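See below for the structure under consideration.
Since every read-out is calculated from the coordinates, none of them should be taken as a lab result. In this text the structure is predicted, and so the values were computed from the model without any measurement. Note that we place each Cβ from the backbone using ideal geometry, even for glycine, and neighbour counts take in every protein chain shown.
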Amino acid sequence: MTPTPTTAVTNGTSRCVGVWFALPWLVGVIGLVVLPVVGSLCMSLLHWDGLSLTRDVEWVGLDNYREILGDDPLFAKALGNSLYYSLIGTPLVLAASLAVSVLLSRRLRGIGLFRTLFYLPHVLGGVATVLIWSWLFNPRFGPINAMLGWCFATVDPLVRLFGAEGSSSWPTPKWFYSPQWCKPALILMQIWSFGGAMLIFLAALQHVPRSLDDAAAIDGAGRWRRFRHVTLPHLTPAILFNLVTGLVFSMQAFHQAYLLTNRAQDDGLLFYVLYLYRCAFEPPYRVGYASALAWIFFVVVFVLVLLAVWSARSWVFYEGER
Amino acid sequence: MLRPIRLLLATGIVLAVGWWLFADTVRHYCPLPADPSTIRFAHFGSYQDYQIWGEVIAAFERRHPELTVRQEYVVGMYGAYNTKLRQQMLSQTLPHVFLIQFSPFAHLAEGFADLTGRVADPVEGLDLSGFAPTAVGSFTHQGRLRALPVSGGNLLIYCNPDCFARAAAHRGREVPLPDDNWTIADFRELAEDLTCDFDGDGQLDQFGFWQPRWVYYLPFLWSFGAEVLDESGSRWRLVGPEAENALRFYQELRVGQRVSPRPDEVAQMFQDVGFLTGKTAMCVNGPWFQPFLAETRLGDRFHVAHIPTGPAGRVTRVTWDGICIAANLPSVQEDNAWKFARFVCSEQAQRILAGTRRALPTCSAALSSFTAADGGRRTEKFVAALAYSRTQPVTPFFRQMDYAINRHLRSLLREEDAVSPVQCLAQLAADRDITEHFLVPGAEP
């Protein structure tokens, strides 16, 4: 059917109105996303302190990238730290949040209170909790090491039975004051705030068809088999979502490392984003170099997410798919 | 009817957004005429500095009732202050007069007014002959005086007498405070005596000495005969056997002798807290530590000792703060700014600054106010130490050097696979931050 002139005018007007409505968003995207991204790409090709527009700006081409990949030991260290934190911490957070959400999905009295209590740490996240954890992990006066010391003393007679020297003299970890223990300590901190992932699992658990579970039970499947073969496949989309967001957020970890880093760690908590920040915003203000670091970081995170999404084909189950 | 209202609304929104986005830019390029009788003065430091400078400003305003000084105070660490100065410099919003530390001075000096001519003026000038020579030299950049030296301090060793008493009781013999002629060997022995495990649980409860960062370690480094830079500040000199000995001594403080605590043993403490709580018996610090300690439970009971004499004699580091005027001010404002800067260097203002014991005055006539504050018990040591105090050479690349040295000294103090002093020096001399900015002996130019 050929449109009448009136219809064409109406379409043109509504398109125009649509553009006007979308304009604030378009301005935002162009001004706050597209331009900074292009700007950062251009800056990564410069040697620049990021402050003066008129001096100390030098075109260096791909030199920043070459220097990062070939001549910067801190780049490998920072990337390694972030990958360690992300690849070990995220699965542990997922496992913990899944386990707790399964427990919290049961219909019990006062379950709402338990759900709130487990979710609270996620809401409380921030500088204050990091500082509280740093006290908890204090190697000499912290309650965690006090408890460990008490445990060692308790099992001491048992250990001596086996002819060993005894466990009361076992050294307790130095946590944030040791290159070996600083990242595990931070991962423990990360696990504590699993509330976000837990909430998503809880929501996903509400959508597992009860009929399938009942049918499996009638067929003689035990609790574990029902969880493994009925519940878990239904949770895989939520697991994928939590995995991807968990990986991205943990790769971007900054404030924990910024607050807890100290000289005893031997750069053990020098995470990638912290290193990037230091390059850009601390003397000698290498903004061009930091921009190149940011682009490499983008590629690394992109590859990680791609791998997660690509692997999802083999383990994520969507209802309605064969 | 609806159309004009819509148009009006849209125009209003566009204008409001435009104002919100560009008002500061317009104000920046078309500033309102500034009141020349108001002088903006910026400084850093603790609340005590704020009070001291308040007194100086009040005295100035009494002398010049036609002028007003607006105090712009940056709380806390010097790093934040220096960053702010740098940003203000680039945005052309520098205060008219401001305090500057010695270490970032060389990097920023180009943005400060040249005071050479003002000082030499026969009527409105300033006689610098009574000022500490190292202080005047500190702020001369490429032959031009870019700041007036205001106050400063040298590093000496603070002793906590409570720790000495506890160590004496623990060892069953006297552990005396150091005398004025002590040596590095005496220091080592005393630090060992002061390091104690009181309850016998295998963990040290008190340490002899708080291991300083490299800038506060400079007195020891120099006393061993080592240098970091040459006098021009362009050549790397931290090489050779003297530097090795200095670094070995530094390493042994923690790793060999164990007279300095590991970070985990003083977790969440910094030097000041470690000292005043008695965790460490001795530490290196400047006169600014005195008013801080006076407000703690230690009160007036601390002791100050000279730097021990090393193989190359006795040397300590002195550092000065200067007062600068922003470059390119309108002439009336620059004249007023100069009046304030000159007043800060006058004997009257110098006596106010010195009377708090926070810093040594640069003007020697005001030194008596510094020593009068505690009857000369400790303050005279700082004055006497000026005889063997020196400044570290000026370099615009101080921060890069600072980062590199801190990074490599850490590898010296690692509990496992610590590098040797020789390796540490070699790695430092090959560090990119050093080779890019300094001429390293043996390296290609």
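The figures follow:
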| read-out | value |
| --- | --- |
| Signed unit charges on C-beta, dipole axis of the protein assembly as shown, positive-most listed residue A:186, B:44, B:341 | A:186 |
| Charge dipole magnitude, Cβ of K and R +1, D and E -1 - the protein assembly as shown, Cα centre, debye nearest 20 | 2520 debye |
| For chain B, size of Cβ-based charge dipole, Lys and Arg +1, Asp and Glu -1, in debye | 1080 debye |
| Protection-proxy order for peptides A:97-105, B:411-419, B:148-156, each taking the mean of Cβ atoms within 10 Å per residue, highest first | B:148-156, A:97-105, B:411-419 |
| Peptide-level mean, for B:263-272, of C-beta atoms on other protein chains within 10 Å | 5 |
| For residue B:183, residues with placed amide H under 5 Å, excluding near neighbours | B:309 |
| Using alpha carbons only: equivalent-ellipsoid semi-axes of region A:131-234, gyration tensor based, whole Å | 42, 23, 10 |
| Chain B: relative contact order as a whole-number percent, Cα under 8 Å and 6+ apart | 22 percent |
| Spin-label pair residue A:150/residue B:430, simplified geometry with 7 Å Cα→Cβ offset, distance in nm | 5.1 nm |
| Built amide H within the under 5 Å cut-off of residue B:318, gap 5+ | B:390, B:391, B:392 |
| Inter-probe distance in nm under a simple model that places probes 7 Å from Cα toward Cβ, at residue A:131 and residue B:295 | 1.8 nm |
| Number of partner chain Cβ atoms within 10 Å, mean per residue of A:169-182 | 2 |
| For residue B:72, distant residues with modelled amide H under 5 Å away | B:41, B:42, B:43 |
| Most to least packed among B:170-183, B:133-146 [average Cβ atoms within 10 Å] | B:133-146, B:170-183 |
| With Cα atoms, 0 to 90° folded angle of helix B:398-412 axis to chain B main axis | 30 degrees |
| Scattering curve values for chain B, log₁₀ I(q)/I(0), Debye with Cα scatterers, q = 0.10, 0.13 Å⁻¹ | -0.79, -1.21 |
| ³J(HN,Hα), Karplus 6.51/-1.76/1.60, whole Hz, each residue of region B:14-28, x for Gly, Pro | 4, 5, 5, 5, x, 5, 4, 7, 10, 4, 5, 5, 4, 5, 5 |
| Label-point separation, residue B:417 to residue A:66 (7 Å along Cα→Cβ), nm | 3.0 nm |
| Global form of chain A, assessed from the alpha-carbon gyration tensor, a/c cut-off 1.5 | oblate |
| Peptide-level mean, for B:92-98, of C-beta atoms on other protein chains within 10 Å | 0 |
| In Hz, Karplus ³J(HN,Hα) per residue of region B:320-327 (6.51, -1.76, 1.60; θ = phi - 60°; x = Gly, Pro) | 10, 9, x, 10, 10, 10, 5, 6 |
| Region B:289-431 shape via C-alpha gyration tensor axes, a/c threshold 1.5 | oblate |
| Three-way shape call for the protein assembly as shown based on the alpha-carbon gyration tensor, with the a/c threshold at 1.5 | oblate |
| Alpha-carbon spread of region B:1-152, three principal axes, descending order, Å | 80, 35, 34 |
| Percent breakdown of C-alpha pair distances by 10 Å bin, ordered from the shortest bin, for region B:184-230 | 23, 38, 26, 11, 2 |
| Listed residue pairs exceeding 31 Å between alpha carbons, taken from A:174/B:84; A:183/B:279; A:77/B:279 | A:174/B:84; A:77/B:279 |
| Of the DSSP H helices in chain A, those whose Cα atoms cover at least 24 Å axially and whose Kyte score averages 1.0 or more | A:73-104, A:232-251, A:287-315 |
